[in-house]
1. If you add up the charges near Q165, with Lys and Arg at +1 and Asp and Glu at -1, over every other residue whose beta carbon is less than 15 angstrom from its beta carbon, what do you get?
2. Roughly how many debye, to the nearest 20, is the charge dipole of the chain about its Cα centre, given +1 on each Lys and Arg Cβ, -1 on each Asp and Glu Cβ, and no other charges?
3. Which of C4, L96, H225 sits closest to the plus end of the dipole of the chain, meaning its Cα is farthest towards the positive end, when Lys and Arg get +1 and Asp and Glu get -1 on the C-beta?
4. Taking springs between alpha-carbon atoms closer than 10 angstrom, which of E71, E39, E151 fluctuates most in the Gaussian network model of the chain?
5. Residues with amide H under 5 Å of S137's amide H, sequence separation 5 or more or different chain, H placed in the peptide plane at 1.01 Å from N; which?
6. Would you calculate a helix-derived [θ] at 222 nm for the chain, using -39,500 (n - 2.57) for each DSSP H run of n ≥ 4 and dividing by the full residue count, to the nearest 500?
7. Which of the helices in the chain meet the span-like rule: DSSP H, Cα axial reach of 27 Å or more, Kyte-Doolittle mean at least -1.0?
8. Which net charge results for the neighbourhood of P99, defined as the other residues with beta-carbon distances under 13 angstrom from its beta-carbon, given Lys and Arg at +1 and Asp and Glu at -1?
Amino acid sequence: MDCCICGPMASVYRPPRNTICSSCYEGAKRMIIFLNEQEENQPKLYGLKPTPSKGIADAFTRIEEMEERKEEMNEKLGFLESLVVALEDEIHTDILIKPGTGPPIPAHRALLATRSEIFKNILASDECKAPAEDSISLPELTHEELKCLLEFLYSGSLPLEMAKQHSFALLIAADKYDIPFLKKFCERQISSSLDPSNALQVLEVSDACSNGILREQAMNSIVRHVDEVVFSSSYEEFALKNAHLSVEITRALVMQMRDRRDGATLCVEPS
Ligand SMILES: [Zn+2]
């Protein structure tokens with residue numbers, strides 16, 4: 001069938017008795033549903049009345065408007081990201097952050113206090129107890145990890161390589177210093193790189209910071225790739241360090257075996 005939208009003769013078709021292919025039909029329907037959902041959510045943000053889409057031409061106008069808003073957001077983001085220059089060039093810094101290893105990094109009290117309630121409390125108590133104190137220590141982080149943490153706090157993102165390399169340490173820091181946006185960022189990063197080779201490490205870290213989402217994903221990966229994980233050299237070391245997690249892995253494996261056996265029984269029974 002020649003589609004009047006995407007077919008080779010599309011430019012010569014004129015309404016009203018033309019046909020469209022199932023892909024264009026489904027796409028158009030889904031686009032209007034998506035835009036109407038967006039429209040329903042928007043009034044909550046801007047106090048506007050929702051107006052359902054009136055067709056594809058109207059939907060296209062809305063997509064153009066969304067693109068304009070995206071441009072505005074990008075400009076705003078670029079404007080806010082310039083804060084990171086103050087960190088890199090040490091402009092009017094007023095506190096030193098000491099990592100566990102390596103040299104300290106100068107930063108800004110006000111920024112730290114706005115990004116984390118925990119930092120806010122640490123800095124506030126410093127003012128009361130020791131006004132002359134001009135440094136705080138984060139001994140669990142190396143210099144490189146601290147650099148990443150600060151860059152994220154100033155810019156709201158991290159280059160992919162840095163994010164990949166330090167996502168575990170940053171997830172623990174996000175949990176400890178209560179930085180939900182960093183936690184989400186690390187969750188996405190770790191989840192996208194989860195495979196049998198790092199599943200034990202993901203399970204260990206997600207357990208340490210009570211991250212239910214990653215914990216479940218790691219456990220599922222271990223159960224799915226049990227031979228690869230349980231017979232690896234790192235499993236012995238892991239089991240010695242994390243007895244309670246090893247028990248959970250064993251239970252998950254037994255459950256899986258039981259499910260498979262029950263599934264097999266169900267398949268056999270009818271005959
Ligand atoms: Zn089509």
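The values are calculated or read from the model by the stated rules, or taken from the named source; none is laboratory data. Here the structure is a predicted model, which is why all the values come from computation and not from measurement. Heads up, the Cβs are rebuilt from the backbone with ideal geometry, glycines too, and the neighbour counts pull from every protein chain shown. Side chains included, ligands, DNA and RNA excluded: accessible areas come from the protein's heavy atoms. Shrake-Rupley method; radii C 1.70, N 1.55, O 1.52, S 1.80 Å.
1. Net charge around Q165: -2.
2. Roughly 1020 debye for the chain.
3. C4
4. Taking springs between Cα atoms under 10 Å, the residue moving most is E39.
5. Excluding prolines and chain starts, which carry no amide H, the hits are K98.
6. That calculation yields -22000 deg cm²/dmol at 222 nm.
7. Once both thresholds are applied, what remains is 22-46, 56-81, 243-268.
8. -1
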